[in-house]
Structures are given as C-alpha cells and as structure tokens.
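The values are calculated or read from the model by the stated rules, or taken from the named source; none is laboratory data. What you are looking at is a predicted structure, and each value in this text was computed from that prediction instead of being measured. Don't worry about glycine lacking a Cβ; one is built from the backbone with ideal geometry, like all the others, and counts go over all protein chains shown. Areas reflect the complete protein model, heavy atoms only, side chains present, ligands, DNA and RNA absent. Shrake-Rupley method; radii C 1.70, N 1.55, O 1.52, S 1.80 Å.
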Amino acid sequence: TMWNRAAQRIFGWSESEVLGRRPPYVPDDKQSDFLALRERELTGVYLDGVELCRQRKDGTSVDLRLWTAPLRDADGRVTDVLGLLEDITEHRRTEAVLRQGAEQQNLVLQNVPVVLYRAQASGPFAGMWVSGNVERLTGFPAERFAAEPSLWVSRLHPEDRDGVYRAMRETREDAILTWQYRWRCADGTYRWFLDRAYLRAGQGENAPEYVGMWLDITERKRAEETLALR
C-alpha cells in the first residue's frame, strides 16, 4: 500500500508496478521465509533488524535489514504493517573483503616468527591484544594474554626485567622503543625476543598504548654465542 522512492531505487520496480500486488522482490526460494515473517507480523510482533536476502528487478540479489511495527484499528486488531528496509549489500561486501584480508593476514602471521601486539602503557600491559601466532612461538594462546595482563611481566627473565622497566620508563610518547630480553615460554624454556614498539600518545579518553612486534631472535643469539666462543 506504500512504496517510496528509496524502495524504487533499491529494488528497481516503480510504485505502479508494486502497489496492490504481492511484493515482487521475494524470490521463489524465499516465499516460505516471507510467509513465516508475515504471519509473525500479523500477530503484532515487532521485528527488529532481521537480516534478509531478496532480489531486484534485474534479478540480482540484495541484502537487507528489516524493522516492522504493527498498525492497529480501534479494537486493537492488526490491520497493516509498517516496514523499514535498509540496503546492507555494500556493507556485506565490505565485511567479506575485510574477512578475506584478515584470513590472509593470519595465514602470513602463522608462518613468520613475528608477533604483533597492542597494550595499554599503564599497568602490566593491561588490555593486551596479541596476534594468534603467539601460541606457536610461546605456547600460550592469545586469549591468555588478555585474560592475564601480568603474564608478560611475570615471565621476563629476572636478569632482564630491570632493564626492560627502565627502558619503558624512559620512553616518551610518540617515540619508538627497541629492546631485547629473554622470556619464559609455556614449556619452561627461555627464548630471546627483539621487541620494537611505538608508544602512541593518549587521545581523549584513550590512554597511551604500545603498538609493537616481537621477533624471535633466539637462533641469532645462539649463533652469536657460538661465534664468541670460537
């Protein structure tokens, strides 16, 4: 009974092609889904952001988000349904691209000895996010670092801890910090890491944070020790 310009722009059908007829944008394979939603709407249910897939006049599919509200007569009976449809097709395509990019990034990270991280500069690296490949290098899953902020500090080698603390205290905001230390992995062994982090200044309510990377340099350190001995 109503078909505005936005509906015509999204679907391609004009007002005269739609009014008084079954919605043409429901493809055959979605008819049962449409009828089930219609029955819910006629019972007075409000639909809140239901995601749907429908079709345009040219046959291409369109992803939508639907909100509805029942309209009632004086006796409280549902006589009409007012619907709002949002075209989220581009949003879905963007999500797919980002998801593909994230998958490719994870594939790369799983095959390099580099761990990426973000952590608040206050406290023991509170609110820490670590890339998933940290488990392969340290034996600890990434979720463990976020759930236990003191994990990183507690497993620093005792002989390296003071130097790390001093370097962190002396680093200014918007500066890059580079240092090396030994860190005890889940199997109890120590590995050498080169840590290079950018201390990003706080903005508004956001506290300063480190954005950086760990590079496993254990083999390099062992080679240096062997050369020194020779």
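Observations
- Among (1) surrounded by 18 or more Cβ atoms within 10 Å (Cβ to Cβ); (2) touching a helix residue (DSSP H, G or I) at 6+ places or on another chain (Cβ under 6 Å) - the single one P141 does not satisfy: (1)
- Failed item, numbered, when S122 is tested on (1) at pLDDT below 85; (2) open to solvent by less than 60 Å² (accessible area, probe 1.4 Å); (3) in a loop (DSSP other than H, G, I, E, B): (2)
Listed here are the residues, each with its yes/no results for (1) surrounded by fewer than 15 Cβ atoms within 10 Å (Cβ to Cβ); (2) in contact with a strand residue (DSSP E or B) (Cβ under 7 Å, 6 or more places away or on another chain); (3) at pLDDT 90 or above; (4) not in a strand (DSSP E or B).
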{"site": "W3", "(1), (2), (3), (4)": "no, no, yes, yes"}
{"site": "R9", "(1), (2), (3), (4)": "yes, no, yes, yes"}
{"site": "E17", "(1), (2), (3), (4)": "yes, no, yes, yes"}
{"site": "P23", "(1), (2), (3), (4)": "yes, no, no, yes"}
{"site": "G49", "(1), (2), (3), (4)": "yes, yes, no, no"}
{"site": "K57", "(1), (2), (3), (4)": "yes, no, yes, yes"}
{"site": "R65", "(1), (2), (3), (4)": "no, yes, no, no"}
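- Test: A74 is open to solvent by 50 Å² or more (accessible area, probe 1.4 Å) and over 36 Å from the mean Cα position of the chain (by Cα): yes
- Failed condition for I176, given (1) over 23 Å from the mean Cα position of the chain (by Cα); (2) among the hydrophobic types (A, V, I, L, M, F, W, C); (3) at pLDDT 90 or above: (3)
- In region 67-86, the residues that are assigned to a strand (DSSP E or B) and either charged (D, E, K, R) or farther than 24 Å from G12 by Cβ (or both): A69, P70, L71, R72, V78, T79, D80, E86
- Reported count of residues in region 157-193, each being assigned to a strand (DSSP E or B), surrounded by 12 or more Cβ atoms within 10 Å (Cβ to Cβ) and hydroxyl-bearing (S, T, Y), is 2.
- Within region 212-230, the residues that satisfy the criterion of being open to solvent by 50 Å² or more (accessible area, probe 1.4 Å) and either charged (D, E, K, R) or under 22 Å from R155 (Cβ atoms) (or both) are M213, E219, R220, R222, E224, E225, R230.
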